[in-house]
Amino acid sequence: MKILVCVSKTPETTAKISFTADNTFNSAGVQYIMNPYDEWYALVRGLELKEQAGGTVTIINVGPADNDQTIRKGLAIGADNAVRVDCDPKSSLYVAKQIAAHAKAESYDVIFFGKETIDYNGSEIGAMVSELLDLPFISYATKLTMEGNTATVERDIEGGIEVAEVDTPVVLSCAKGMAEQRIPNMRGIMMAKRKPLTVVPAVEAADLAVTVGFEMPPAKSAVKMIDPENMDELVKLLYEEAKIL
Amino acid sequence: MVLVYAESPKGKFKKAAYEAVTYGAKTAQVMGTQCVALTLGAVEDASVLGKYGAAQVLNVANDSLNNFDSQTFTAIIAGVAQQVGAKVIVMNHSSSGKSLLGRLAARLDAGSVSGVKSVPTVDGGFKVKRNVFSGKAIAEYEIKSDVKVLSLMGNALPPEEVGAPVAVQTINAEGPAGRVKVKEVKVEEGTVPLPEAELVVSAGRGMKGPENWGIIDELAKELGATTACSRPVADTGWRPHHEHVGQTGVAIRPNLYIAAGISGAIQHLAGVNSSKVIVVINKDPEAPFFKAADYGVCADLFDVVPALTAAFKKYKANN
Ligand SMILES: Cc1cc2nc3c(=O)[nH]c(=O)nc-3n(C[C@H](O)[C@H](O)[C@H](O)COP(=O)(O)OP(=O)(O)OC[C@H]3O[C@@H](n4cnc5c(N)ncnc54)[C@H](O)[C@@H]3O)c2cc1C
Ligand SMILES: Nc1ncnc2c1ncn2[C@@H]1O[C@H](COP(=O)(O)O)[C@@H](O)[C@H]1O
């Protein structure tokens with residue numbers, strides 16, 4: 001089984017979010033991690049599939065050389081090789097076209113995405129790549145069982161789950177439940193240094209939707225503390241002051 | 001033209017569809033054009049979408065549309081968009097919208113923004129805002145392509161009745177047969193799913209154990225609220241994982257979020273900080289959640305939660 005896992009790099013979950021005067025994300029002092037959905041669920045489920053059925057797991061990242069550290073972590077967790085498309089991406093469709101250009105030439109059986117990146121929360125790229133490759137797509141997969149080349153997938157839908165069946169090749173975006181996080185061990189980290197990380201140039205693609213400005217959400221007014229003995233007061237405030245009931 | 005795909009799970013609209021049409025109508029107004037609503041598959045009473053501002057309501061009905069496959073749906077929506085000359089395509093940022101938005105953008109080579117929360121502005125470029133960094137900031141995007149694809153965040157704007165029902169036109173549009181076969185849909189009946197819920201009662205590790213959840217269920221029942229929980233609670237199996245809210249769980253934006261025995265870690269806040277009103281019940285005055293709350297009660301939740309339920313009962317009886 002030939003498996004591709006798409007990974008991105010995001011600010012760590014507790015990072016302080018601020019912007020510079022020219023309206024770009026202020027990365028000063030920010031620690032970066034592999035996007036949790038990509039690492040914990042997409043990558044680990046990809047590795048499990050390989051362990052079960054044989055094959056290879058390739059990681060792809062679209063980004064600048066700074067991202068190599070994140071990619072090496074993926075190799076340390078167990079991926080066989082990696083590709084980085086060298087560029088500084090600014091829009092989802094641009095990234096999708098890079099991934100599709102690589103995948104088209106390789107014919108992967110399963111392409112894994114995270115359900116979304118935790119910085120821009122787009123949830124767009126997996127669907128875009130599926131369309132560019134004319135492949136079926138299942139979003140927010142929480143469980144995958146593979147028999148031969150038939151995948152049975154559970155996915156999160158509003159208020160419950162949907163169970164669907166599809167034959168490979170297929171594109172999946174992964175949510176909590178798909179796998180359990182794996183911590184890289186010393187041997188993995190040492191081996192990662194010798195695994196191939198190929199850097200390829202980007203293909204031509206336009207940025208059709210880009211960020212032009214940022215603002216911070218309006219500040220909350222100070223909390224109103226309520227006497228625990230007086231829940232009638234809280235209920236009254238919810239009805240008559242907050243007016244949300 | 002603005003084309004709104006109004007989703008109808010199991011043949012029925014939910015609030016999300018009315019939100020999307022309201023949003024599409026407002027967008028059309030800003031652009032000086034009309035809003036057309038599209039429904040797919042067998043739908044009950046699609047004409048109602050006229051009330052929310054759709055000038056036309058279209059329906060494509062064939063059997064393949066009763067099974068959700070993003071390839072089939074995308075081909076059909078794209079086909080209709082081309083037939084009606086749509087410049088903007090709107091849908092919900094829902095489980096199906098999340099598979100359709102990206103496909104449509106790729107298929108039409110269109111710029112897209114998912115999970116938008118405001119009506120676009122069109123002076124000096126087509127611009128629209130959405131939350132980024134899990135609600136810790138708001139970004140404005142400019143879309144530069146001729147055709148634009150947007151999905152609307154749930155509860156971002158209330159549905160508005162502005163017109164009257166319009167007759168449904170049945171049209172033809174072809175798509176490839178789906179390769180994804182939906183085998184089963186398991187949805188809990190009777191409760192509003194978290195992403196759509198207007199009222200949410202949530203609890204964390206302060207509950208001590210799953211056997212104590214009765215008081216949370218009672219408060220939720222009294223309010224008609226949906227229940228949620230913090231991540232460790234779902235991880236240890238005290239509650240089902242679809243109840244887990246936060247950065248790595250479901251992101252919600254209800255009108256009211258009541259949190260009992262949750263400390264308010266930054267990853268938890270990331271999924272709930274778009275709630276309109278937050279009530280925090282915690283016995284630790286230093287709990288970080290109080291900083292993000294509108295109303296706080298600093299005491300033992302095992303006393304406060306039942307007292308709050310009783311106070312709601314009393315208020316409703318008297319008003
Ligand atoms: C990458 C990453 C992602 C994460 N994603 C999420 C996420 O999506 N969602 C999420 O929730 N967490 C997430 N977490 C975990 C998060 O950091 C916290 O650990 C978690 O939210 C804490 O859950 P809690 O508030 O229920 O428990 P605790 O932090 O243990 O807090 C329990 C609270 O209950 C109070 N309490 C105890 N007894 C009582 C009582 N009798 N009456 C009143 N109050 C009482 C205590 O004072 C305390 O404040 C993530 C962590 C990481 C590292
Ligand atoms: N720069 C990137 N390189 C490779 N994969 C990416 C990149 N950005 C996002 N992805 C993948 O696309 C998924 C969804 O991203 P998004 O649509 O931006 O929320 C992520 O979880 C990753 O799997």
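FYI, it's all coordinate maths here, none of it is from the lab. Remember, it's a predicted structure, so these values are computed and weren't measured experimentally. Cβ: placed from backbone, ideal geometry, glycine included. Neighbour counts: every protein chain shown.
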query = If we count trypsin sites (Lys or Arg not before Pro) as exposed when they sit in a DSSP loop and have at most 15 other beta carbons within 10 Å, what is the longest stretch of chain A that avoids them all?
reply = A:91-192
ask   = Which distance in nm do the two modelled labels at B:Glu222 and B:Asp303 give, with both placed 7 Å along the Cα-to-Cβ direction?
value = 1.6
request  = Post the alpha-carbon centroid distance, the stretch A:130-198 to the stretch B:41-112, in whole angstrom.
outcome  = 27
ask   = Can you give me the Cα centroid spacing of the stretch B:129-160 and the stretch A:51-80 in angstrom?
value = 32
ask   = Looking at the stretch A:188-230, which GluC sites (Glu not before Pro) are DSSP coil and have at most 15 other C-beta atoms within 10 Å of their C-beta?
value = A:Glu204, A:Glu229
request  = Show me B:275-285, A:160-170 ranked by packing, highest mean number of other Cβ atoms within 10 Å first.
outcome  = B:275-285, A:160-170
key: Of all DSSP beta bridges in the protein assembly as shown, antiparallel share, percent nearest 5   = 35
message = Using a 7 Å offset from the Cα along the Cα-to-Cβ direction at both A:Lys236 and A:Asn26, what is the distance between the two label points in nm, to one decimal?
response = 4.3
note = For A:Ile157, the residues 5 or more places away or on another chain with a placed amide H closer than 5 Å to its own amide H are A:Glu162
remark   = Bridge orientation stat for the stretch A:2-213 from DSSP, antiparallel percent rounded to 5, came to 40
note = Extension length gain for A:Val200 and A:Arg187 (0.36 nm per residue less Cα distance), in nm, is 1.9 nm
Normalised contact order of the stretch A:2-213, rounded percent, pairs of Cα under 8 Å and 6 or more residues apart = 27
request  = Rounded to the nearest 10 degrees, what's the angle between the helix A:44-53 long axis and the longest principal axis of chain A, both from Cα atoms, 0 to 90?
outcome  = 30
message = Sort B:57-67, B:218-228 by the packing proxy (mean of other Cβ within 10 Å over each peptide's residues), most packed first.
response = B:218-228, B:57-67
task = Could you list, in their original order, any pairs among A:Lys16/B:Lys15; A:Lys73/A:Lys115; B:Lys12/B:Lys186; B:Lys26/B:Lys129; A:Lys220/B:Lys313 whose Cα atoms are separated by more than 23 Å?
result = A:Lys16/B:Lys15; A:Lys220/B:Lys313
request  = Calculate, for B:Lys313 and B:Gln169, the FRET efficiency according to 1/(1 + (r/R0)^6) with r their C-beta to C-beta distance and R0 51 Å; round to the nearest 0.05.
outcome  = 0.55
key: Dimensions (Å) - the stretch B:140-181, Cα atoms, principal axes, largest first   = 35, 33, 26
query = Mind checking the mean number of beta-carbon atoms from other chains within 10 Å of the Cβ atoms in A:217-225?
reply = 5
ask   = Which of B:Tyr295, A:Tyr37 comes first, and how do the rest follow, when ranked by fewest Cβ neighbours within 10 Å?
value = B:Tyr295, A:Tyr37
key: Helix-only mean residue ellipticity at 222 nm for chain A, each DSSP H run of n ≥ 4 adding -39500 (n - 2.57), per residue, nearest 500   = -7500 deg cm²/dmol
query = Taking only C-alpha pairs under 8 Å that are 6+ residues apart, what is the relative contact order of the stretch B:177-319 in percent?
reply = 21
task = For chain B, calculate the relative contact order in percent as a whole number, restricting contacts to Cα pairs under 8 Å that are 6 or more residues apart.
result = 15
query = Can you give the helix-only mean residue ellipticity at 222 nm for chain B, where every DSSP H stretch with n ≥ 4 adds -39500 (n - 2.57) and the sum goes over all residues, rounded to the nearest 500 deg cm²/dmol?
reply = -8000 deg cm²/dmol
message = Testing the spin-label approximation: label points 7 Å from Cα along Cα→Cβ at B:Glu189 and A:Met216. State their distance in nm.
response = 4.9
request  = Assuming a ≥ b ≥ c are the square roots of the Cα gyration tensor eigenvalues, decide whether the protein assembly as shown counts as rounded (a/c under 1.5), prolate (otherwise, with a/b larger than b/c) or oblate.
outcome  = oblate
